[in-house]
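Below is one structure; the comments refer to it alone.
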Amino acid sequence: MFQFARILAFCFLGEVLHAVLPLPVPASVYGLVLLLAALNFGFVKLDDVKEVGIYLTGIFPLLFVPAAAGVMELWAEMGNMLLPILIAIIPVTVLVMVSAGRTTQTMTGRKKKEADHAE
């Protein structure tokens, strides 16, 4: 419960920042950036949120069900815009996959170098 409460606290702080700052940034992004900063600076330890974080990422696909149902409901209206939607989605999906892969490779290589220097 305490781990989930910590994550919810950062979500709440993100909502507060979204209400206060006049930037077009979603509240969830503010919350994630605040949590990342707290983890990096040691205000929150990884063990304080790890178990709930693993659980939430495990059920993450389930959170997309309402959005998918909404898309199915509006499918007829989206038919006219299908080509522009695909033109927007496909390159962005590829870009996200490539950037995530490169980031993972970079971070994995960095950890291997640190392990080699530690020995």
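Here, each number is a calculation from the coordinates, and none is a lab measurement. In this text the structure is predicted, and so the values were computed from the model without any measurement. All Cβ positions, even for glycine, are placed from backbone atoms using ideal geometry, and neighbour counts span all protein chains on display.
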> To the nearest 0.05, what FRET efficiency results for LEU36 and VAL94 with a Förster distance of 35 Å applied to their C-beta separation?
Replying inline: 0.90
> Which one, (1) 1.09; (2) 0.95; (3) 1.40, gives Cα Rg over 2.2 N^0.38 Å as derived from the coordinates shown?
Replying inline: (3)
>> Using the Cα centre of segment 14-119 as origin and beta-carbon charges of +1 (Lys, Arg) and -1 (Asp, Glu), tell me which of VAL16, MET107, ILE59 is placed farthest towards the positive end of the dipole.
In response: MET107
>> Suppose R0 equals 30 Å. What FRET efficiency, 1/(1 + (r/R0)^6) with r the Cβ-Cβ distance, do GLU114 and LEU56 give to the nearest 0.05?
In response: 0.60
> Stretch VAL29-VAL16 to full length: gain in nm at 0.36 nm per residue minus the Cα-Cα span?
Replying inline: 3.5 nm
> Roughly how many nanometres apart are two label points built 7 Å out from the Cα toward the Cβ at LEU46 and MET78?
Replying inline: 3.7
> How large is the charge dipole for segment 76-119, taken about the Cα centre, if only the Cβ atoms of Lys, Arg (+1) and Asp, Glu (-1) carry charge, to the nearest 20 debye?
Replying inline: 180
> Hey, fewest Cβ within 10 Å first, where do ASP48, ASP116 land in order?
Replying inline: ASP116, ASP48
> Tally Lys/Arg at +1 and Asp/Glu at -1 over every other residue whose Cβ is under 13 Å from the Cβ of LEU35; what's the total?
Replying inline: +2
> Using Cα pairs under 8 angstrom and six or more residues apart, how large is the relative contact order of the chain, in percent?
Replying inline: 18
> Along the positive direction of the dipole of the chain (beta-carbon charges: Lys, Arg +1; Asp, Glu -1; about the Cα centre), which of TRP75, LEU95, VAL25 reaches farthest?
Replying inline: LEU95
> Relative to the Cα centre, what is the charge dipole magnitude of segment 42-119, using +1 at the beta carbon of each Lys and Arg, -1 at the beta carbon of each Asp and Glu, and rounding to the nearest 20 debye?
Replying inline: 340
